[in-house]
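Participant: Below you'll find the structure I mean.
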Amino acid sequence: MSSYEQPLYDCQTPSLDSTEQSVVESIDQDRMWDSVEKFSSLTRISGTGGERKAAEHLTTVLSDHAVSHTVHEPELYLSTPVSATVTATDRTECFKSAKTVAFSDNDSVSGEVIRLRADEEGDSVESLLDHSLNIDDVAVEDKVVVAESLIPIAEIRALAARGAAAFIAIHPHDREPHEGIISPVWGGAPTFEEKNEIPEIIVANISGDDGDKLDALIENNPSLSLTVSTTVDTRWVRCPLIEAEITPTQTATDEFVLLHGHYDSWHVGVTDNATGDAALLEAAIALSAHADQLTRTVRVCWWPGHSTGRYAGSTWYADTFANSLNENCLAHVNVDSPGVKDAVEFTSRVKWMTAAAPVAIGTITDVTGKQTETRRPSRAGDYSFNNIGIAGLSLQSSIEHSVREERGYHLVGGSGGHADAWHLSTDTLEKADPATLKRDADVYTIATYRLASATHCPLDYRLTIAEHQQTLETLKKGSSELGLEKEFSRLEETYSELAAKVNEIYEQENHSFRNLQPLARTLTRINYVTDKTFEQDPAVGRPPLPALAAIAHPPNDTDSKRFLAWGARRSYNALTYELRSVLAQLPAN
C-alpha cells in the first residue's frame, strides 16, 4: 500500500454504544456532500453576496429539518484585500502574482529594497506568525523590506514602528501567495485603547517564482527600488451569523456545549471551510434527532468574519453572550478543515486543552481506530473563548507528514496540511473527499454528543492541574536565580492542595461541571491568556502559564534581572491568590 492509499479507519467497526451508533447513522454523507458542492461555487468573502447565499443555504437546510435557529446580524470591522502591484520603480519588471493582505495600508510607495533572511518558520501555526526577520540591527526606515515569510505579525508591527515603507513577503508557494491578515487585534475591531495596534504599513505577498525573479534583480542591482501599491477595503460590514440550538427534551439545563466553525472563506474555500460547514449542518441534524439523550443544550454556530476580521464573528459572539458563556458553557468544539482528501491521520493538526483529552482521544480512537496525541492549541483559529476560560478542542485530521514531504508541501495553517489548498484560489472541490468528510463529521459529532450527554463533568481538570505543575517545575531554576524561592514554593503548595481537593471531587460518581466551573475558568485562563476575563489577548503566541513564562530564562544584566524579579513576584502573588480563591469555592466533602 502506497503512502497515498492509507486507510481512513484503523478498525473494522467503530467502538460506539447503540445511541452513538444511531447518531453517526443519522449523518447523511450524500446530503453533506451536496452542501459542499453548493458552497464550492460560492466565493464567501464576508460582507458579500456569496456569503449571504451560503447563509441562506444553511438556514434552509436547518429549517427543512426543523432545527431551531436564529440569524444574528452583527456589524463587524473587516478588511478585504482588493489588489496589489509590485513593480520595479523604473518599470522594467512587474511581479504579477502580487496580492495584498487584510489590514494592510491602502496606498502606494516607492523605496530602495532591503533583503532580509528570516528564521526558519518551524512546524506550527504559531511559528508562522511569530518567527523572526532579524531586523534588530537593520536600518529599515523608508525601505521596502523583502523576506521569505508567510505573515510574521510581530515583525510587521516592528517594521511599521520603525518607519519601513512597505513589506513584501516571498511565499513558499510557487504560483500564488496565500491570503492572510496582518493585524494582531483579535476580532478585527480594536477597542479605543487598541486602535494603534493595527500596523500602518503597506504589505504585499508574492509567489516563490516571483521571489526568485526579484532576488535575481536584487543581485544585479543591490540598490534596486520597488513601487508597491495596495487597495484594501476596510470598513464596518453587517454579516449573517447563524446560531442553531438543540435543547434536551428530557432535562432542564442552563449548561451548553458550543459547536462552531467559520463559513466565510478566501475564494471558494472548499477545505477551509465548506467541508466544516457541511459537517456542522449534519451534526445539528443528527443531534437534534437525539435530543432526548442530551443533558446539555448544544449551540451550533457558523461564523462570518474569520478570514478578513481575525475571527470577528466568534469574537462578537464571545462579547455579546459573555456572561452566558462564562456561567454555562462546558466546552467549545471548533470544526475547521475536515474532509481533506488523503487526510488519514489525527496527530499533526489536532489541538485541545488538556482537560478535554479524554473526550478527544477517546472519540478519535473509538470512531476511527486511529492513534492521536494532545497538542496545545495555538493563539489562532476561532479560539475566541480563552479569556473567558472555556476549554476548547479541534479534532482536525491531516495528510501524513511523509506524504506532504513527498508532494513538496510547505507548512500551512489549515486544510489538513494541503499546501495547494489553504488560503488559495485552488482550494476547490477535488481537494476534498466525501468518505473522509463522513469520518471526520462522525468524529466531531460524537465528541460533541459525549460532551452534551454526560451526566457528570466529562472534562478532567486533574490533568490540567498536572500540566500546570509540570510547567511550574520548569520555572524552579529561574525562580531561584531571581530570588523567588518563597513565591515559587507558595504557588507549588497551592497546586498540591488544589490537586488533592479536585481528586476528591472526581472520586464522587456524579461530579458536576457546576461545582467545577470556577476552577475550570481559572485554570484555562491562567494557562492561555494574560489579559482580563472579558477581553481578548492579541493574535500572538502564548506559552503555558504565560504570566510566569519569562522566569524560565532570566537575563544576565543585573538591572534587567531585578526588573524581571519585581514583576514576577507580582505574577506569583496574583496566581497564588486566584488559585486559593478557587480552592475556597470548591464544595466541601
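The values are calculated or read from the model by the stated rules, or taken from the named source; none is laboratory data. The shown structure was predicted, so the numbers you read here are calculated from the model rather than taken from an experiment. Methodologically, a virtual Cβ is constructed for each residue, glycine included, from the backbone with ideal geometry; neighbour enumeration extends over all protein chains shown.
Participant: Looking at Thr524, Thr448, which one is assigned by TED's automatic domain parsing to the domain that holds Arg569, in contact with a strand residue (DSSP E or B) (Cβ under 9 Å, 6 or more places away or on another chain), at pLDDT 95 or above and under 30 Å from Ala252 (Cβ atoms)?
Facilitator: Step by step, each of Thr524, Thr448 is checked, and only Thr524 is assigned by TED's automatic domain parsing to the domain that holds Arg569, in contact with a strand residue (DSSP E or B) (Cβ under 9 Å, 6 or more places away or on another chain), at pLDDT 95 or above and under 30 Å from Ala252 (Cβ atoms).
Participant: Now, a different point. Restricting to the range 442-466, give me the number of residues that are more than 17 Å from Leu516 (Cα to Cα) and of a type outside the set (Lys, Arg). Don't jump to the end; show me each part of the working.
Facilitator: Step one: of the range 442-466, the residues more than 17 Å from Leu516 (Cα to Cα) are 442-450, 453.
With of a type outside the set (Lys, Arg) added as a condition, the list becomes 442-449, 453.
Of the residues in that region, 9 qualify.
Participant: Please list, ordered by residue number, the strands (runs of 3 or more DSSP E) wholly in the range 264-381 having 3 or more residues that are modelled with pLDDT of 95 or more and either on the phi > 0 side of the Ramachandran plot or buried (at least 24 other Cβ atoms within 10 Å of the Cβ) (or both).
Facilitator: So the answer is 297-303, 329-334.
Participant: Pull out all pairs, ordered by first then second residue, where Cβ-Cβ is under 8 Å, the residues are six or more apart or on different chains, the first lies in the range 400-418 and is more than 17 Å from Ser149 (Cα to Cα) and not assigned by TED's automatic domain parsing to the domain that holds Asp130, and the second is in a loop (DSSP other than H, G, I, E, B) and of a type in the set (Val, Ile, Thr).
Facilitator: Listed pairs, sorted by first residue: His418/Val412.
Participant: While we're here: Which of (1) over 28 Å from the mean Cα position of the chain (by Cα); (2) outside the structural domain of Ser207 (by TED's automatic domain parsing); (3) in contact (Cβ under 8 Å) with a residue 60 or more places away in the chain; (4) on the phi < 0 side of the Ramachandran plot is the odd one out, the single condition Ala66 does not satisfy?
Facilitator: (4)
Participant: Oh, and also: Ser479 is checked against (1) outside the structural domain of Val333 (by TED's automatic domain parsing); (2) crowded, with 20+ Cβ neighbours inside 10 Å; (3) out of contact with any helix residue (DSSP H, G or I) (no Cβ under 8 Å at 6 or more places or on another chain) and fails just one. What number does that condition carry?
Facilitator: Answer for Ser479: the failing condition is (3).
Participant: Still on this structure, I have one more. Out of curiosity, is Arg44 in contact with an Asp or Glu (Cβ under 6 Å, 6 or more places away or on another chain) and either modelled with pLDDT of 95 or more or within 24 Å of Arg439 (Cβ to Cβ) (or both)? Let's see the steps before the verdict.
Facilitator: Working: in contact with an Asp or Glu (Cβ under 6 Å, 6 or more places away or on another chain): yes; either modelled with pLDDT of 95 or more or within 24 Å of Arg439 (Cβ to Cβ) (or both): yes.
Considered against the rule, which asks whether it is in contact with an Asp or Glu (Cβ under 6 Å, 6 or more places away or on another chain) and either modelled with pLDDT of 95 or more or within 24 Å of Arg439 (Cβ to Cβ) (or both), Arg44 comes out as yes.
Participant: Related question: From the set of residues in the range 94-112 that are among the hydrophobic types (A, V, I, L, M, F, W, C) and under 10 Å from Val228 (Cβ atoms), which is nearest to the chain's Cα centre (by Cα)?
Facilitator: Ala98
Participant: What's the number of the only condition in (1) surrounded by fewer than 24 Cβ atoms within 10 Å (Cβ to Cβ); (2) out of contact with any Lys or Arg (no Cβ under 9 Å at 6 or more places or on another chain); (3) of a type in the set (Gly, Ala, Ser) that Gly261 fails to meet?
Facilitator: So the condition that Gly261 fails would be (1).
Participant: What are the residues in the range 410-436 that are at pLDDT 95 or above, part of a helix (DSSP H, G or I) and touching a Phe, Trp or Tyr at 6+ places or on another chain (Cβ under 7 Å), if any?
Facilitator: Pro434
Participant: Do we find that Glu485 is over 30 Å from Pro152 (Cβ atoms), modelled with pLDDT of 95 or more, among the acidic types (Asp, Glu) and out of contact with any strand residue (DSSP E or B) (no Cβ under 8 Å at 6 or more places or on another chain) in this structure?
Facilitator: Yes.
Participant: Another one. Taking only pairs six or more apart or across chains, which ones have beta-carbon atoms under 6 Å, a first residue in the range 455-472 that is surrounded by fewer than 21 Cβ atoms within 10 Å (Cβ to Cβ), and a second residue that is part of a loop (DSSP other than H, G, I, E, B)?
Facilitator: Short answer, once both residue conditions are applied: Thr455/Thr295; His456/Asn510; His456/His511; Thr471/Pro544; Thr471/Leu545.
Participant: When the residues of the range 521-571 are narrowed to those that are more than 29 Å from Gly309 (Cα to Cα) and of a type in the set (Asp, Glu), which ends up surrounded by the most Cβ atoms within 10 Å (Cβ to Cβ)?
Facilitator: Among them, the one singled out is Asp557.
Participant: On to the next question. Being among the aliphatic types (A, V, I, L, M), without any contact (Cβ under 8 Å) to a residue 40 or more places away in the chain and either within 30 Å of Leu76 (Cβ to Cβ) or part of a loop (DSSP other than H, G, I, E, B) (or both) is the filter here, so list the residues in the range 211-261 that pass it.
Facilitator: Result: Ala252, single match.
Participant: A further question follows. Kindly evaluate Glu141 against the criterion of being out of contact with any Ser or Thr (no Cβ under 9 Å at 6 or more places or on another chain), in a loop (DSSP other than H, G, I, E, B) and without any contact (Cβ under 8 Å) to a residue 40 or more places away in the chain. Reasoning before the result, please.
Facilitator: Details: out of contact with any Ser or Thr (no Cβ under 9 Å at 6 or more places or on another chain): yes; in a loop (DSSP other than H, G, I, E, B): yes; without any contact (Cβ under 8 Å) to a residue 40 or more places away in the chain: yes.
Considered against the rule, which asks whether it is out of contact with any Ser or Thr (no Cβ under 9 Å at 6 or more places or on another chain), in a loop (DSSP other than H, G, I, E, B) and without any contact (Cβ under 8 Å) to a residue 40 or more places away in the chain, Glu141 comes out as yes.
Participant: Name the residue that is nearest to Asp10 (Cα to Cα), counting only residues in the range 348-383 that are within 14 Å of the chain's Cα centre (by Cα) and basic (Lys, Arg).
Facilitator: Arg349
Participant: Can you tell me which residue in the range 37-76 is surrounded by the most Cβ atoms within 10 Å (Cβ to Cβ), limited to those that are in a helix (DSSP H, G or I) and of a type in the set (D, E, K, R)?
Facilitator: If we take residues in the range 37-76 being in a helix (DSSP H, G or I) and of a type in the set (D, E, K, R), then Glu51 is surrounded by the most Cβ atoms within 10 Å (Cβ to Cβ).
Participant: Using the structure shown, decide if His267 is in contact with a strand residue (DSSP E or B) (Cβ under 6 Å, 6 or more places away or on another chain) and closer than 24 Å to Thr428 by Cα.
Facilitator: Details: in contact with a strand residue (DSSP E or B) (Cβ under 6 Å, 6 or more places away or on another chain): no; closer than 24 Å to Thr428 by Cα: yes.
So His267 does not fit the description; no.
Participant: I need the full set of residues from the range 189-216 which are aliphatic (A, V, I, L, M) and either in contact with a Lys or Arg (Cβ under 6 Å, 6 or more places away or on another chain) or surrounded by fewer than 16 Cβ atoms within 10 Å (Cβ to Cβ) (or both), in order please. I'd like the intermediate steps shown before the answer.
Facilitator: Initial filter on the range 189-216 (aliphatic (A, V, I, L, M)): 189, 198, 201-204, 206, 214, 216.
Answer for the range 189-216, where residues must be aliphatic (A, V, I, L, M) and either in contact with a Lys or Arg (Cβ under 6 Å, 6 or more places away or on another chain) or surrounded by fewer than 16 Cβ atoms within 10 Å (Cβ to Cβ) (or both): just Ala216.
Participant: Still on this model: Looking only at the range 77-95, which residues are surrounded by fewer than 19 Cβ atoms within 10 Å (Cβ to Cβ), in contact (Cβ under 8 Å) with a residue 60 or more places away in the chain and assigned to a loop (DSSP other than H, G, I, E, B)?
Facilitator: Matches in the range 77-95: Thr89, Asp90, Glu93.
Participant: Within the range 144-165, can you find the residues that are more than 26 Å from Lys213 (Cβ to Cβ) and in a helix (DSSP H, G or I)?
Facilitator: Ile153, Ala154, Arg157, Ala158, Ala160, Ala161
Participant: To continue, here is another question. Right, Thr70: within 27 Å of Trp316 (Cβ to Cβ) and among the polar types (S, T, N, Q) or not?
Facilitator: Yes; evaluated as a whole, the condition is true for this residue.
Participant: Considering only the range 398-414, I want to know if a residue exists there that is buried (at least 24 other Cβ atoms within 10 Å of the Cβ) and closer than 27 Å to Thr13 by Cα.
Facilitator: Checking the range 398-414: at least one residue is buried (at least 24 other Cβ atoms within 10 Å of the Cβ) and closer than 27 Å to Thr13 by Cα.
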